[in-house]
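Read the figures in this text as sums done on the coordinates, not as results from a lab. Just so you know, these numbers come straight off a predicted model, no measurement behind them. FYI the Cβ positions are ideal-geometry reconstructions off the backbone, even for glycines, and counts take in every protein chain you see.
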């Protein structure tokens with residue numbers, strides 16, 4: 001691989017085969033803790049990437065979505081677009097409500 005590195009940092013491997021990922025590399029990866037993935041490439045280089053966790057599928061929601069899909073296929077005539085009155089009602093109901101879509105849901 002004939003690519004010039006952006007950053008080169010030496011690290012030590014312990015007797016037990018362990019090493020610490022240097023802070024600058026963690027910063028480049030955008031991770032502070034958690035899993036990373038080492039990928040050995042055919043040319044002998046190693047690529048380090050943050051591990052992307054796949055979100056767990058909720059079985060209840062999956063079944064509900066399957067139900068909706070079947071119902072829509074069987075009864076497309078029941079689909080109706082939102083009219084302006086309904087949209088205005090929704091706007092009134094949520095007026096002043098702030099939602100952080102990235103916030104973790106509380107365990108209830």
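Here are the numbers for the structure shown:
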{"item": "Residue count for region 39-64, restricted to those that are free of Cβ contacts under 8 Å to residues at least 40 places away in the same chain and either over 18 Å from residue 3 (Cα atoms) or surrounded by 10 or more Cβ atoms within 10 Å (Cβ to Cβ) (or both)", "result": "18"}
{"item": "Any hit, region 30-37, residues being in a helix (DSSP H, G or I) and either free of Cβ contacts under 8 Å to residues at least 60 places away in the same chain or touching a helix residue (DSSP H, G or I) at 6+ places or on another chain (Cβ under 9 Å) (or both)", "result": "no"}
{"item": "Failed item in (1) assigned to a helix (DSSP H, G or I); (2) closer than 30 Å to residue 22 by Cβ, with residue 88 passing the rest", "result": "(2)"}
